[in-house]
Every structure is written in C-alpha cells, then in structure tokens.
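The values are calculated or read from the model by the stated rules, or taken from the named source; none is laboratory data. What you see is a predicted model; the values in this text were computed from it and never measured. Using ideal geometry, Cβ is built from the backbone for each residue, glycine included, and neighbour counts are taken over all protein chains shown.
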Amino acid sequence: MMIMIRAIIRPEKSDAVLAALMDAGFPAVTKYSVAGRGKQRGIKIGEVTYDEIPKTMLVSVVNAADRDFVIDTIMKTARTSSKGAFGDGKIFVSEVEDVYTISSGVKETAAASEGVPA
Amino acid sequence: MKEIIAVVRMNMMNQTKKALTEAGIDAFFAHEAQGRGKGFVNPDVLKGAGLGYEEAASLLGEKGKLYPKRMVTVVTRDDLVDDVVQAIIEANRTGKPGDGKIFVLPISDSVRVRTGETGEKSIV
C-alpha cells in the first residue's frame, strides 16, 4: 500500500524541506508552484487584501508505513519558529492504488520498493 | 473512477498527448512541475568523479537537483485505467532513469459544471 503526500508549504521553505527529505531517505519528490489562501482568508496589509498567496506544492509517494515519519519531517522543517505561524501550510494524504515506473514499465508494490536503497 | 497522475519528460508531451487520444482519452490536464527521483547516476560518470576528473564531477552536479517535468492528470473510468497506463508507458519509455512515474488514485465523484451531471456520465 502506498500513499501520496501532498504538502503545500511556503516557497522559501521548499529548499529546506527538499534537503530534509533527501537526508531522511526520501529523494523522490515533485514540486510545483501554486497560489492559494487558507482559513485566514489571505493576508490583509493596510487596505489591501491578498487572497492569492504564492505557495509551493510538494508531491511524494511513499510506503504507508513511512507515513508518520515523512509527515513529521515535512512538518518540522516547514514550520516557522517553534510554535509555527499562519501560512505555514497544509499536508494532505491520499491513497495510491498503483505505481508504475515508466523506464522499466514495472508495476511497483510496496513490498518491492522497500528493498530499494534510497 | 480513477485519477491517473503521470510525471513525464517535458519533450515527451506531444507523444503523450497522441497516445492518450489513441487510448480514447480526450480530456486531461497538464502542468509544469519540477522533480527528482531515486537519483540514479551513470556509473561511468560516478567512477570518473571518484578518480578525480573534474569534468565528471561537474556532470554529477549537486545532490538533490530538481529536473523540469510535466505532470499529466487524467480522470477516467475504471475499465480504461490499464489501457491508459500502458499507453503512457509505451509513449514515454526510453528505458533510462528519468522517464517518470505513474500513480493511480481512487476518485469518489466528479461533476460537470456546465450541466451538473455527476459520476461517470460527467467524464465521458
């Protein structure tokens, strides 16, 4: 069983999170830029409200067993200060039924990918 | 219904689009992304870098480099999933690391905004 972890984080934190994931043994990540707002309805600076705040989306598919560890790694790295602040982002987890590697054409299973050194 | 997310090489988009059309998929969306995989490197280059050749070391680059990719998302009926996955694999396969990954995720419902149709009717 594999899961897809989608993390929306601050763009300035993405390098730190990518490095942390690499060190933690999860090198495979896809990243793209997104814009969005959260519960605070954007940021109000003076009279102007910004409701499309630039963020970075990181997508990683990992074994379900590694779920808590990966989430913890992302959360610790992406948080600003020890308490955290509004706008640090969200992490979503969804189930992935199948994973295929195009170069080999092989359908991967959780058991097979566990044996692969990171 | 299933969502098929494929991360493929940027220069393979035309072939991918063609393959999807031939597999019976008219609707999909794509965006640019950057990514990295397990980080395989050419063993010859690695050996050269180990022996101290600067040219080889520069080819290796820094650890964790992100490569530009295209992310293609298709939502389709359950019975078409295998055909679509095979079509994407055939169109994108060069056999070298970096060809990409395909993920298949369950989708609970979809709505066509224009008519309000839900379920499989909305994605045909």
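The table for this structure:
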quantity: Of all residues making up the stretch B:83-106, the number that are loosely packed, with under 13 Cβ neighbours inside 10 Å and outside any strand (DSSP E or B); calculated: 3
quantity: Subset of the stretch A:65-104 (residues that are surrounded by fewer than 16 Cβ atoms within 10 Å (Cβ to Cβ) and facing chain B (nearest Cβ under 10 Å)); calculated: A:Ser94, A:Glu95, A:Glu97, A:Ser104
quantity: Matching residues, the stretch A:26-61, being within 14 Å of chain B (Cβ to nearest Cβ), small (Gly, Ala, Ser) and assigned to a loop (DSSP other than H, G, I, E, B); calculated: A:Ala28
quantity: Meets criteria (modelled with pLDDT of 90 or more, in contact with a strand residue (DSSP E or B) (Cβ under 6 Å, 6 or more places away or on another chain), exposed (fewer than 11 other Cβ atoms within 10 Å of the Cβ) and not acidic (Asp, Glu)) for A:Ala35; calculated: yes
quantity: Checklist (1) touching a residue at least 12 places away in the same chain (Cβ under 8 Å); (2) more than 23 Å from A:Ile3 (Cβ to Cβ); (3) in a loop (DSSP other than H, G, I, E, B) applied to A:Gly84, failing item; calculated: (1)
quantity: Qualifying positions in the stretch B:57-78 - at pLDDT 90 or above, away from chain A (no Cβ under 14 Å) and surrounded by fewer than 13 Cβ atoms within 10 Å (Cβ to Cβ); calculated: none
quantity: Pairs with Cβ under 8 Å, 6+ apart, first in the stretch B:96-114 and under 12 Å from B:Val7 (Cα atoms), second of a type in the set (Gly, Ala, Ser) and not in a loop (DSSP other than H, G, I, E, B); calculated: B:Gly100/B:Ala6; B:Lys101/B:Ala6; B:Ile102/B:Ala6; B:Phe103/B:Ala6
quantity: Selection within the stretch A:87-109 - assigned to a strand (DSSP E or B), touching a residue at least 40 places away in the same chain (Cβ under 8 Å) and more than 22 Å from B:Met1 (Cα to Cα); calculated: A:Gly89, A:Lys90, A:Ile91
quantity: Some residue of the stretch A:33-55 being touching a Gly at 6+ places or on another chain (Cβ under 9 Å) and within 19 Å of B:Gly100 (Cα to Cα); calculated: no
quantity: Leading residue by the ranking (farthest from the chain's Cα centre (by Cα)) among those in the stretch A:41-64 that are polar (S, T, N, Q) and surrounded by fewer than 19 Cβ atoms within 10 Å (Cβ to Cβ); calculated: A:Thr49
